[in-house]
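K.L.:
This is the structure, below, for whatever I ask next.
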Amino acid sequence: KDIPGTSAVSPGSSKQCAPDTESPSGTGEADYCRRILVRDAKGTIREIVLPKGLDLDRPKRTRTSFTAEQLYRLELEFQRCQYVVGRERTELARQLNLSETQVR
């Protein structure tokens, strides 16, 4: 159910989650939208419109905690060359016991 003046679209979304008459589900709802109702701190019920592809149930990735030594080496390498690629990245990751993605 629509609540006037409470719809929100995620930032950067190119698709406005408006009713879609072409929707195969027959609900008139756009296939790429997910609408949820939330109650704010004042008790007002608001509708939030999110892309269906946004997986809200997935747990967040844990943040990497670098050691002081790892940070020092990474900062030295960054000062030397801002983009460590290829064999250098692989070797640095091996030396620091990190993944290449973490070195990136």
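Read-outs: derived from the displayed coordinates by stated rules, not from any lab. The model shown is predicted, which means the values in this text are computed figures rather than measured ones. Heads up, the Cβs are rebuilt from the backbone with ideal geometry, glycines too, and the neighbour counts pull from every protein chain shown.
K.L.:
Would you mind putting 68-74, 78-84 in packing order, based on average other-beta-carbon counts within 10 Å, highest first?
P.N.:
Going by the mean number of other Cβ atoms within 10 Å, highest first, we get 68-74, 78-84.
K.L.:
Apply the Karplus parameterisation 6.51 cos²θ - 1.76 cosθ + 1.60, with θ equal to phi minus 60°, to every residue of the range 39-47 and state each ³J(HN,Hα) to the nearest whole Hz, in sequence, with x for glycine and proline.
P.N.:
9, 7, 4, 8, x, 6, 8, 10, 9
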